[in-house]
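To keep things clear, I will list the structure first and then write my remarks on it.
What follows draws every value from the coordinates through simple rules; no lab data is involved. From a predicted model like this one, the values you see are computed outputs, not experimental measurements. Backbone-built Cβ (ideal geometry, glycine too); neighbour counts: all protein chains shown.
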Amino acid sequence: MSALHEPNRATSYTLRPLKPNPFVPARSLALAFLIALTTLSTLLTAQAASTALPLRWESVGTCIYNANTTQTVETVFGSNPVRLPFTGTNTYDFYSPAIIVAPALTTADSCGGELWVTNSGSTDINVKMRLKYYDYDPATGLETLIAGGAESPPKNVSHFSTQVASLPPDAVTVNITPVAGHLLHVQVTVWLNSGTLTSASIVFNGPNGSKADSVGLLPSTRGATWQFQSPATPPDATVTAPAAVWANSTGNTASVPSAVGATYAWTITGGAITAGQGTPQITWSAGSAGSVNLGATVTRGCSSIGSAVVSVSQQDVRFTSISCSANGHAHVVGLGTGSVTYVIQATTDLVNWQNLGTATADASGVLGFEDINAPNFAARYYRAALP
């Protein structure tokens, strides 16, 4: 887990010695120096009185609703700057790991933030941005706006330079304590205010004090405690199933990788689950035609959804017997797919086939057909086909 570290934003102050002035009394110089020190102390106090939430990139990522993201929000700064393309108007979403502890926020609080922008083009650009903060429920994907929405002042980014755009304090819109288990969602929107954009990026995940320490501030006017769980990988929901099965077949299986602490929910269309619901592996039966659609939702902190489509094939009919009754009628018996209706065809030359009628196999696949016109032919060949 990560715990809050109060920010040490990289700002340097230089105290220059006052040049003696023969027309100003020494007491006045001392008073001016004292005022300067007091002002500097006030600036440093205001700078420290905020709660930094660095914008981060994690290869493990954060679980969000039915997915995950590597763009995170944490309480410590990163070490390796990351760039994302800025193409004119872009929205970037950052999600914290699951909240353990969150501050009680009120409408008396405010939010803010700083975002570094790199302009690699040969002409200057001018940008604006906004930050929004949400309490996000990863189980449902629903979220509540906490703060943000105001535009930043225009920021000029000279060509071949990296500049920071700052958001002035913006009011928290609701009295709220973000829920443990939820995520803090920071949405950053940047747009070109003027100039010609050729090659630019936002930069984040850098060390504190670098030109990549992009950060959210919530609250921005006082210190507060946020605590998050460690980043987590969403569970694997890859469904393993056969590519094809016979129509009305039983005992088919499908599975997803097993994960400690995970729950499993299966769905099926075009068939029926016969065993294993709630486990990593199910047994199922197929329908009589078309395809079977399998779905699995695996939940462990957040949910992942996997699916597979299995084609349903009809078995060819294998004739097991042909007999003639006393009246000359031919009785054809075959084995095919249970409950499937076949068209029975006949020919005398194995070229021209004639439909005689239909026969429906029973549940075990056995079917029969009586050819009442058989006495009219010296010899006849039979086959079964799907309608």
Calculated FRET value between residue 385 and residue 101, using beta carbons and R₀ = 56 Å, to 0.05: 0.20
Selection from 139, 225, 90, by position along the positive dipole direction of the chain (Cβ): 225
Contact order relative to length of the stretch 35-228, as percent, for alpha carbon pairs under 8 angstrom and 6 or more apart: 36
Gain in span if fully extended, residue 315 to residue 275, counting 0.36 nm per residue against the direct Cα distance: 11.9 nm
Rg/Rg_ref, the chain, where Rg_ref = 2.2 N^0.38 Å and atoms are Cα: 1.70
Whole-Å distance, taken between Cα centres, linking the stretch 166-239 and the stretch 279-325: 45
Antiparallel bridge percentage (DSSP; both residues within the chain; nearest 5): 95
Cut-off 12 Å between beta-carbons: net charge of the residues surrounding residue 133, Lys and Arg +1, Asp and Glu -1: -3
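Lys pairs in the chain, Cα-Cα under 24 Å, at least 8 apart or on separate chains: how many?
Lysine pairs meeting the criterion: 5.
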Ordering of 115-127, 84-96, 268-280 by burial proxy (mean other Cβ atoms within 10 Å per residue, highest first): 115-127, 84-96, 268-280
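Of the peptides 64-72, 213-221, how do they stack up when ordered by the mean number of other Cβ atoms within 10 Å, highest first?
Details: 64-72: 18.1, 213-221: 23.9.
Top to bottom by mean Cβ count within 10 Å: 213-221, 64-72.
Calculated FRET efficiency, residue 372 and residue 341, Cβ-Cβ r, R0 22 Å, to nearest 0.05?
On the way: r = 19 Å, r/R0 = 0.88.
Efficiency, from the Cβ-Cβ distance: 0.70.
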Sum of -39500 (n - 2.57) over DSSP H runs of 4+, divided by residues of the chain (222 nm, nearest 500): -2000 deg cm²/dmol
Residue 194 paired with residue 80, simple spin-label distance in nm, labels 7 Å along Cα-to-beta-carbon: 3.9
Length added when fully stretched, residue 243-residue 124, from 0.36 nm per residue minus Cα-Cα: 37.2 nm
Order of 170, 236 - criterion: other Cβ atoms within 10 Å of each residue's Cβ, fewest first: 236, 170
0 to 90° range, to nearest 10: angle between helix 26-48 axis and the chain longest Cα axis: 10
Linear extension gain, residue 265 paired with residue 253, 0.36 nm per residue minus alpha-carbon span: 2.8 nm
Relative contact order (percent, whole number), the chain, Cα cutoff 8 Å, 6+ residue spacing: 16
Relative contact order, percent, the stretch 318-385 [alpha-carbon distance under 8 Å, six or more residues apart]: 36
Only Lys, Arg (+1) and Asp, Glu (-1) charged, at Cβ; the stretch 35-228 dipole about Cα centre in debye: 320
4 °C / 1.567 mPa s Stokes-Einstein diffusion coefficient of the stretch 85-134, Kirkwood radius on C-alpha pairs, µm²/s: 89
